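Undergrad: If you scroll down you'll find the structure; I have some questions about it.
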Amino acid sequence: MQEEYSFWASLGEAERAGIRSAMGVRQVARGETLIERGASADTLYVVDFGLFEVRGAGGRSMAQIGADQLIGEIGFFADAPRNATVVAARDSQVLQINREAFEALSRRVPQIQSEVIRALAKRLATIAPMARERLPSAYAPRVVAVVGAGSAGLSPAFIDELGRAIRALPDATLLRGEDARAHFPGEADRYAMAAWLAEAERDHSLVVCVADERLTAWSQTALRGADQVVLAAGGSPETMGEVEAQALEMFEPAHRRLVVTQAERNGFADPGARWRERRDVFMTHHVATKDGADVRSLVRFLADRAIGFVAGAGGAFGPAHIGIFKAFQESGVEFDIFGGSSVGSAMAAGFAALMDPEEMRRATQEIFVRRKAMKRFNWPRYGLLDHSVLDEELRRCYLGRIEDVWKPYFAVATDLSTYSPRVLRKGLLWQAIRASAAIPGVLPPFVDADGHMLVDGVVVDNVPLAAMRTLKSGPNLVVDLRPAVHRKFSVAYDAIPGRRELLRRLALPIFRSRPLPRFPGPTSVILRTLFANIGADPASAETDLLLRPPPFPGSSFMNWDGHHQVFEAAYRWARQTIDDLGKEGNPALRAMTAVGA
């Protein structure tokens, strides 16, 4: 599937055959080093099948090299020592040729020189921007192993739903042990089976391999040929079979997903801490197999098509997220993961917990209007506002841990202990929201269990699209609530009273008839200051839909009394926007509706 980078792309069949006949074959086991940094560069390689990881100084992963791509060409032609270590990420096979044989081959097949130069130029053109911007490799491998976790093995209902979801994709396939045994009726050679799996990858963008319950030849091929593993939980978490144990040994936590199947869909799934005690994973997916929607969502993650909702900061503009979410939900978009900053973190958490828009509207009314959670002024020793009611309401509404929310979720906060952004993906849900929404100077900072002081995510990342991209690929709806229209204030500066005049007007009835000038209070000014620190729009791709709703009548940063009007106005605006974008053929909207179907 990497034709653009293929060494063979412009060569005819006769030329390919001539080159192959002059090259030797080497099989490289997963984890084996093909090239050592600093070694002499006397051999050139072409990947026949498999995958290799390029590691720089300190073992840092720099890139991945897949089928039909060259390895070691820079040092080979520069006659310089190897500048990186190359390790097999799967059971792989390479074609190899030394310098003397290459020169003889060049005389017989002159075109090989131009093909090597073309491949080298493409590699350098790819590496240059990655080096400047520290981007990951452009190679996107797509082989996934599915393994039973716990005592019960793989659920047949889950595998059936998984197969249906994969078959619905035009370029995906699912392979089982029986498929491998039908293809290899006798004793299969390890690399022959690996080559068969590699051929399936050439024909598909996603290959899902369901391992056997025992550590058979197929199970080992699936594990050695996969880029990530899905651990499908069942039975007792304390039990670990030999296939699962080997999977945990072979795959780093960043390449593991845990699937926990529940009887019914629930916003807050049954606590899964016992599963995660022995299984550190990148992401947990909760699945109810009753209608297939959750399995389709899982498959979108595996196929790099997951749909994200990125909720930006905005104070009391926050209910606009609810109206926009409702409009897109009614349009058939199925969101797979939610993340937000500041008030966006609270709204995104509600969506991830499967709260419907009306339920969220009622919760907003309860927290911010009836309980006045953001109107209780305090002696400003720790913050302008009393945080206790807000904390109490967050504990009540947002139960359990982030990992147990039905849909994957994250919140962004600013870590004042390390002066860096903090993406919160583990721990108590209410604490993540509280930290992400801790407006500096207005609410006391949140201090986590490790002693880190966390404040509002708006300080470092108002619209956390970059954080979303570290967790998945695919289209995103990005909602930025920053007002697009500049506001001016019709108040004379000299009319703002000093302390003595202000106290007199507030304390003595005779002076109360003289109204105070309409001017933002300190909370509003702090919020506006934070937003002023935000730069340009988040860098969005063609499949990211960036929405910035207009200011709605009666809305403001701190006035929650009009939350229902904001919600309704945002809903109507979003419905119209969806219609308009649909008529225009907007590629981002098309990507979301196509994937969500």
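Undergrad: At 222 nm, what helix-only mean residue ellipticity would the chain give, in deg cm²/dmol to the nearest 500, using -39500 (n - 2.57) for each DSSP H run of four or more?
TA: So the helix-based figure for the chain works out to -11000 deg cm²/dmol.
Undergrad: Could you look at the chain and say what percent of its accessible area is carbon and sulfur, using a 1.4 Å probe and all protein chains?
TA: The value for the chain is 52 percent carbon and sulfur by accessible area.
Undergrad: Would you mind calculating the gained length between ASP561 and GLU103 on full extension (0.36 nm times residue separation, minus the Cα-Cα distance), in nm to one decimal?
TA: 157.0 nm
Undergrad: In square nanometres, what is one fourth of the surface area of the convex hull spanned by the alpha carbons of the range 1-52?
TA: Directional mean of the projected Cα hull area for the range 1-52 stands at 4.8 nm².
Undergrad: Please get the size of the charge dipole for the range 341-401, origin at its Cα centre, with Cβ charges of +1 on Lys and Arg and -1 on Asp and Glu, quoted in debye to the nearest 20.
TA: Rounded to the nearest 20 debye, it is 240 debye.
Undergrad: Trypsin sites (Lys or Arg not before Pro), restricted to the range 141-216: which are DSSP loop and have at most 12 other Cβ atoms within 10 Å?
TA: ARG214
Undergrad: May I pose another question? For the chain, build the charge dipole from Cβ charges (+1 Lys, Arg; -1 Asp, Glu) around the Cα centre, then report which of GLY339, ALA263, SER21 sits farthest towards its positive end.
TA: Ranked along the dipole, the leading option is GLY339.
Undergrad: Counting heavy atoms of the protein chains only and a 1.4 Å probe, report the per residue accessible area for the range 396-507 as a whole number of Å².
TA: So the range 396-507 comes to 48 Å² accessible per residue, rounded to a whole number.
Undergrad: Reported to two decimal places, what Rg/Rh ratio describes the range 151-266 when computed on Cα atoms with Rh from the Kirkwood expression?
TA: Radius of gyration over Kirkwood radius for the range 151-266 works out to 0.96.
Undergrad: For the chain, give me the percentage of DSSP beta bridges that are antiparallel, rounded to the nearest 5 percent.
TA: Looking only at bridges with both residues in the chain, the antiparallel portion is about 45 percent.
Undergrad: What Kirkwood Rh does the chain have if only Cα atoms enter the pairwise 1/r average? Answer in Å.
TA: 27.0
Undergrad: Determine the shape class of the range 17-97: with a ≥ b ≥ c the square roots of the Cα gyration tensor eigenvalues, call it rounded for a/c under 1.5, and otherwise prolate if a/b is greater than b/c, oblate otherwise.
TA: Taking the square roots of the gyration eigenvalues as a ≥ b ≥ c, the range 17-97 is oblate.
Undergrad: Please state the relative contact order of the range 13-110 as a whole percent: Cα pairs under 8 Å, 6+ residues apart?
TA: Reported relative contact order: 42 percent.
Undergrad: Could you do me a favour and compute the accessible area per residue for the range 208-285, 1.4 Å probe, result in Å²?
TA: 42
Undergrad: Taking +1 at the Cβ of each Lys and Arg and -1 at the Cβ of each Asp and Glu, which of ILE578, PRO553, THR543 sits farthest along the dipole of the range 539-582 towards its positive end, judged by Cα position relative to the Cα centre?
TA: After comparing all options, I get PRO553.
Undergrad: Hey, which of these cross-link pairs are over 23 Å Cα-Cα: LYS326/LYS426; LYS426/LYS472; LYS407/LYS472?
TA: LYS326/LYS426
The values are calculated or read from the model by the stated rules, or taken from the named source; none is laboratory data. Since the structure is predicted, the reported quantities are computational estimates derived from the model, not experimental observations. As a convention, Cβ positions derive from the backbone with ideal geometry for all residues, glycine included, and neighbour counts pool all protein chains shown. SASA here: full protein model, heavy atoms, side chains in, ligands and nucleic acids out. Shrake-Rupley method; radii C 1.70, N 1.55, O 1.52, S 1.80 Å.
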